[in-house]
Amino acid sequence: MKIKLYCIFILVFHYGMAQDSLKELLSTYNEESVPYIKVEKFEAILDKSIILDAREEKEYQVSHIKNAVHVGYDYFKMKTIKKLNIPKDSCIVVYCSLGIRSEDISEKLKKAGYTNVHNLYGGIFEWKNNKYPVIDTTGTTTEKVHVFSKEWGKWLHHGKKIYSN
């Protein structure tokens, strides 16, 4: 009887976790109004892209993708983008922790007339989970990634989780 209950528990746990996929998470929060770009494809065009980090300053300071410009989320201002003098047809990739906040910022960019905007699928977590490098504010490669909260932290599988700085 104990073995049977154990097997049922394992099956329920396994299938329950399988339903809690990144794809399902993103489809819960996002409308996919901005095309996703997978980390592998993004890595291949990294040098040709404008990279915008839509996380908060404390998250960005822990680590970010090299050459990313911090634009934030709570205090995002289109005038910050205008000061960068980005041509409207430039390849722009926006990321956050998982790709939820970055969709909102990407929508604002599209509304302002930017035509080649992408949302990094899975954000910096997916970037780091695929073992691509991140840097700190001194430009040094780090394993640290700000995970925002314990709830969101479960999606970072590679790297050192930082909850505050």
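Values computed for the structure shown
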{"quantity": "Criterion violated by GLY123 - all others in (1) open to solvent by 70 Å² or more (accessible area, probe 1.4 Å); (2) on the phi > 0 side of the Ramachandran plot; (3) in contact with a helix residue (DSSP H, G or I) (Cβ under 8 Å, 6 or more places away or on another chain) satisfied", "calculated": "(1)"}
{"quantity": "When residues of region 141-153 are limited to those that are at pLDDT below 95 and part of a loop (DSSP other than H, G, I, E, B), the one surrounded by the fewest Cβ atoms within 10 Å (Cβ to Cβ)", "calculated": "SER149"}
{"quantity": "Residue that is crowded, with 23+ Cβ neighbours inside 10 Å and not acidic (Asp, Glu), where the choices are LYS88, LYS128, LYS110, LYS79", "calculated": "LYS128"}
{"quantity": "Residue among TYR95, TYR73 that alone is open to solvent by less than 20 Å² (accessible area, probe 1.4 Å), in contact with a helix residue (DSSP H, G or I) (Cβ under 6 Å, 6 or more places away or on another chain) and among the aromatic types (Phe, Trp, Tyr)", "calculated": "TYR95"}
{"quantity": "Region 35-67, residues that are among the aliphatic types (A, V, I, L, M), open to solvent by less than 10 Å² (accessible area, probe 1.4 Å) and within 14 Å of ILE105 (Cβ to Cβ)", "calculated": "ILE51, LEU52, ALA54"}
{"quantity": "Only one of THR115, THR137, THR141 that is farther than 21 Å from ALA44 by Cα and β-branched (Val, Ile, Thr)", "calculated": "THR137"}
{"quantity": "Selected residue (only one of THR80, THR138 is over 20 Å from SER27 (Cβ atoms), assigned to a helix (DSSP H, G or I), hydroxyl-bearing (Ser, Thr, Tyr) and free of Cβ contacts under 8 Å to residues at least 12 places away in the same chain)", "calculated": "THR80"}
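The values are calculated or read from the model by the stated rules, or taken from the named source; none is laboratory data. As the structure is a prediction and not an experimental result, all values here were calculated from the model. So basically every Cβ, Gly included, is an ideal-geometry build from the backbone, and we count neighbours across all protein chains shown. Accessible surface is based on the protein model in full, side chains and every heavy atom, while ligands, DNA and RNA are left aside. Shrake-Rupley method; radii C 1.70, N 1.55, O 1.52, S 1.80 Å.
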